[in-house]
Number of protein chains: 2
Amino acid sequence: MVETVRRFNRTVTQRVGALDDSYLARDRPLAQSRLLWEIGPAGAEVAALRTRLDLDAGYLSRLLRTLEGAGLVVVGPGESDGRVRTVRLTDAGRVEWHLLDGRSDELAWSVLAPLTDGQRARLTSAMAEVERLLMASLVTIGPCHPGEPRARACLRAYARELAKRFDVGFDLSRGGVDEQELVPPAGLFLVATVSTEAVGCGALRLPPGEPAEIKRLWVSASVRGLGVGRRLLGELERHAAAAGATSVRLDTNRTLTEAMRLYRAEGYHEIPRYNDNPYAHHWFAKPLC
Amino acid sequence: MVETVRRFNRTVTQRVGALDDSYLARDRPLAQSRLLWEIGPAGAEVAALRTRLDLDAGYLSRLLRTLEGAGLVVVGPGESDGRVRTVRLTDAGRVEWHLLDGRSDELAWSVLAPLTDGQRARLTSAMAEVERLLMASLVTIGPCHPGEPRARACLRAYARELAKRFDVGFDLSRGGVDEQELVPPAGLFLVATVSTEAVGCGALRLPPGEPAEIKRLWVSASVRGLGVGRRLLGELERHAAAAGATSVRLDTNRTLTEAMRLYRAEGYHEIPRYNDNPYAHHWFAKPLC
DNA sequence: CATGATTGCTGACTTTAGTCAGCCATTTCG
DNA sequence: CGAAATGGCTGACTAAAGTCAGCAATCATG
């Protein structure tokens with residue numbers, strides 16, 4: 001199995017990667033093309049680009065200056081936060097972007113073209129499988145101080161999503177969870193990351209004299225369905241058990257049906273209301289062995 | 001389908017590629033590590049490294065000088081051809097190579113580790129499938145003057161292989177094929193390549209007044225079983241038909257059983273001896289529609 | 001043995017990529 | 001309000017990657 005993975009890494013990653021890069025880097029340096037592509041017709045925030053492409057702030061700034069100099073993008077002030085700047089493609093930039101997009105299509109087609117129909121179907125389904133499983137295995141889960149940027153990014157995304165899904169909106173500060181409660185030994189905050197991007201989180205409170213409680217369980221849409229939520233939940237439970245808890249409990253909103261499915265599948269059962277969280281409709285608990 | 005291939009290229013190629021590179025490039029620059037790895041415990045010829053890694057001759061030379069300076073390799077004279085130099089790892093180089101090898105194993109295992117047994121099995125079989133089909137689709141077939149380096153490399157490999165397989169050895173010059181006969185309009189020489197490496201060839205003679213003849217059909221062991229021989233044969237037949245030939249014929253040695261299987265599968269039937277090729281035991285022909 | 005092709009090496013570059021410290025503007029928090 | 005944190009920009013770097021022309025050794029061939 002290890003041998004298969006190694007062969008795959010060697011041939012596929014190297015060869016296809018090189019081909020891909022050479023297609024992208026035809027008119028301008030690779031980093032510029034990649035950045036231009038990543039900005040996209042919808043525009044993007046500079047901070048988001050930095051984490052997605054894992055670039056040094058100075059280097060990114062310089063790249064943006066070059067693209068701006070070439071008349072391909074404009075960097076303007078952010079919408080809500082004046083420090084976060086947003087990049088948009090100009091008309092010329094949009095033309096370039098479509099050119100890159102076309103090349104990407106062309107490259108993809110050149111892979112499919114020499115194959116028979118049957119081979120094509122087998123190749124694409126195998127590719128989808130590899131991508132899915134690889135993504136799942138590239139997710140690493142580890143503890144993180146809730147004040148760290150990665151944790152903050154998760155909590156922001158968590159709040160943004162709940163605000164969108166709840167009929168009444170959502171305000172993180174009304175959750176009644178103090179940051180200090182999520183630092184060992186009083187609790188734990190876990191973050192799931194893919195390369196440098198945070199794609200999920202989960203928190204555990206260990207209030208003395210009360211059962212352990214799970215809060216802030218969130219998984220980014222980009223990795224949903226790969227078992228990340230399950231892994232986060234399991235890690236939190238393991239930590240709670242190690243700290244001596246005999247059970248964990250949690251609350252949830254009626255709109256979060258996937259979450260409730262997960263809880264039930266993992267052995268949680270519904271219990272009566274145990275707090276006055278204004279956003280909660282259901283309360284669950286699970287005994288720890 | 002195109003969308004699937006694009007997603008695959010984007011996520012897998014980028015992310016795994018970057019991870020792979022960061023593992024390799026821990027103690028020394030990436031290019032040096034890659035080169036060291038490619039040399040391997042068995043050593044390699046400089047010319048072979050250049051085509052495999054697609055490097056500039058000057059750059060490669062410099063990289064070798066650096067590795068030599070670090071006491072990891074020794075560059076010595078070639079065996080048969082005094083111009084082609086061979087690189088071998090020193091004891092220190094072998095240690096480094098094993099370190100890289102170990103890291104590669106480690107990386108592969110880190111991909112498998114977070115998955116369940118079932119997921120692992122699915123991932124590795126999907127990887128093998130992708131690799132196979134991708135390799136097949138990255139093979140490009142095109143005409144090439146038989147004097148070009150790529151063609152010469154193929155013919156050398158062809159001769160080397162036949163010399164190994166025939167009981168009586170093999171001498172290309174006794175084949176009775178003149179280079180000029182394989183240049184349009186008198187004939188055709190096709191080469192199959194993956195990125196810059198030649199992995200197969202096939203030749204067509206169109207002697208006036210005689211049936212067309214296929215010669216020098218060879219496929220590198222690295223891509224055998226992916227239909228490259230079939231594609232080469234088909235291209236040659238198509239060219240022969242376009243040139244007005246109504247049939248093609250060829251001869252082969254009794255030790256080349258896979259080749260004979262291919263010929264029969266493609267509609268060739270055995271015919272009586274039509275030439276005095278000292279290496280031939282069987283003669284085949286196929287009518288062209 | 002003279003000639004031309006092949007192979008590799010070296011010097012002298014240019015371009016890309018990446019890093020780090022310091023600065024300023026904006027926002028958040030006490 | 002002031003202090004601290006955050007986000008981005010610039011200058012001044014270093015290192016790596018890649019290119020090109022010219023040279024020397026070796027080999028194939030007439």
Notebook entry, point to check: What is the set of long-range amide H partners of A:Ser220 at a cut-off below 5 Å, with H atoms built 1.01 Å from backbone N?
Noted result: A:Gly200
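Please report the projected area of the protein assembly as shown's Cα convex hull averaged over all directions, in nm².
34.4 nm²
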Check: For B:Gly142, which inter-copy label distances result when the label point lies 7 Å beyond Cα on the Cα-to-Cβ vector, reported in nm to one decimal and in ascending order?
Finding: 4.6
Next item on the list: Compute the acute angle (0 to 90°) between the alpha-carbon long axis of helix A:57-69 and the principal axis of greatest extent of the alpha-carbon atoms of chain A; round to the nearest 10°.
Entry: 40 degrees
Next item on the list: Report the Stokes-Einstein translational diffusion coefficient (µm² s⁻¹, integer) for chain A, Rh taken as the Kirkwood radius over Cα pairs, at 25 °C with viscosity 0.890 mPa s.
Entry: 111 µm²/s
Next item on the list: Work out, in µm²/s and without decimals, the Stokes-Einstein translational diffusion coefficient of the range A:52-118 at 10 °C, 1.306 mPa s, Rh from Kirkwood over C-alpha pairs.
Entry: 110 µm²/s
Check: If you wrap a convex hull around the C-alpha atoms of the range A:2-114 and split its volume per residue, what is the figure in Å³?
Finding: 129 Å³
Check: 222 nm [θ] for chain B, helices only, -39500 (n - 2.57) per DSSP H run of 4+, per residue, to 500?
Finding: -14500 deg cm²/dmol
Check: Per-residue HN-Hα couplings for the range B:189-201, Karplus 6.51 cos²θ - 1.76 cosθ + 1.60 at θ = phi - 60°, whole Hz, x for Gly and Pro?
Finding: 10, 10, 10, 9, 10, 10, 6, 10, 8, 7, 10, x, 7
Margin query: Restricting things to Cα coordinates, could you compute the convex hull volume per residue of the range A:188-282 in Å³?
Written below: 107 Å³
Check: What residue among B:Arg88, B:Arg150, B:Arg28 shows peak mean-square fluctuation when chain B is described by a Gaussian network model with Cα springs under 10 Å?
Finding: B:Arg28
Notebook entry, point to check: In whole Hz, what ³J(HN,Hα) sequence does the range B:272-289 give by Karplus (6.51, -1.76, 1.60; θ = phi - 60°), x for Gly and Pro?
Noted result: x, 3, 10, 8, 10, 4, x, 8, 8, 10, 10, 10, 10, 8, 8, x, 9, 8
Item checked: Accessible area per residue, Å², the range B:231-283 with all protein chains present, probe 1.4 Å -> 52 Å²
Next item on the list: Please find the FRET efficiency linking A:Arg94 to A:Glu3, where r is the Cβ-Cβ separation and R0 is fixed at 41 Å, and quote it to the nearest 0.05.
Entry: 0.35
Next item on the list: Putting +1 on Lys and Arg Cβ atoms and -1 on Asp and Glu Cβ atoms, find which of A:Pro272, A:Ser220, A:Gln14 reaches farthest to the positive end of the dipole of chain A.
Entry: A:Gln14
Margin query: So if I place +1 on the C-beta of Lys and Arg and -1 on the C-beta of Asp and Glu, and nothing else carries charge, what would the dipole magnitude of the range A:138-287 be about its Cα centre? I want it in debye, nearest 20.
Written below: 400 debye
Check: Against the longest principal axis of chain A, how steep is helix A:30-39, in degrees 0 to 90 to the nearest 10, with axes from Cα atoms?
Finding: 60 degrees
Item checked: Per-residue average of Cβ from other chains inside 10 Å of B:16-24 -> 4
Next item on the list: In debye, nearest 20, what is the charge dipole magnitude of the protein assembly as shown about its Cα centre with +1 on Lys and Arg Cβ and -1 on Asp and Glu Cβ, if you could check?
Entry: 300 debye
Checklist line | Accessible surface of chain B, 1.4 Å probe, proportion on carbon and sulfur as whole % | finding: 53 percent
Item checked: Other-copy label distances relative to A:Asn275, 7 angstrom Cα-Cβ extension, nm -> 8.5
Notebook entry, point to check: Between the helical axis of B:117-138 and the dominant principal axis of chain B, each derived from Cα atoms, what acute angle in degrees is found, rounded to the nearest 10?
Noted result: 50 degrees
Item checked: Estimated dipole of chain B in Debye, rounded to 20 [Cβ of Lys and Arg +1, of Asp and Glu -1, Cα centre] -> 340 debye
Margin query: Run the lone-cysteine check on chain A: no other Cys C-beta under 4.7 Å from the residue's C-beta.
Written below: A:Cys144, A:Cys289
Checklist line | Rg(Cα)/(2.2 N^0.38 Å) for the range B:103-241, N = residue count | finding: 1.37
Margin query: Can you compute the FRET efficiency between A:Thr66 and B:Ala70 using 1/(1 + (r/R0)^6), with r the Cβ-Cβ distance and R0 = 45 Å? Round to the nearest 0.05.
Written below: 0.80
Note to self: Going 7 Å from Cα along the Cα-Cβ axis for the label, what nanometre distances separate A:Ala48 from the same residue across the other copies?
What the structure shows: 5.0
Margin query: Less than 20 Å apart at the alpha-carbon level, and either on another chain or at least 8 residues along: which lysines does that give for A:Lys164?
Written below: A:Lys215
Note to self: One quarter of the convex hull surface, Cα atoms only: what value does that give for the range A:25-88 in nm²?
What the structure shows: 4.1 nm²
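The values are calculated or read from the model by the stated rules, or taken from the named source; none is laboratory data. These numbers come from a predicted model, not from an experiment. Cβ coordinates were reconstructed from backbone atoms using ideal geometry, including for glycine residues, and neighbour counts include every protein chain displayed. Side chains included, ligands, DNA and RNA excluded: accessible areas come from the protein's heavy atoms. Shrake-Rupley method; radii C 1.70, N 1.55, O 1.52, S 1.80 Å.
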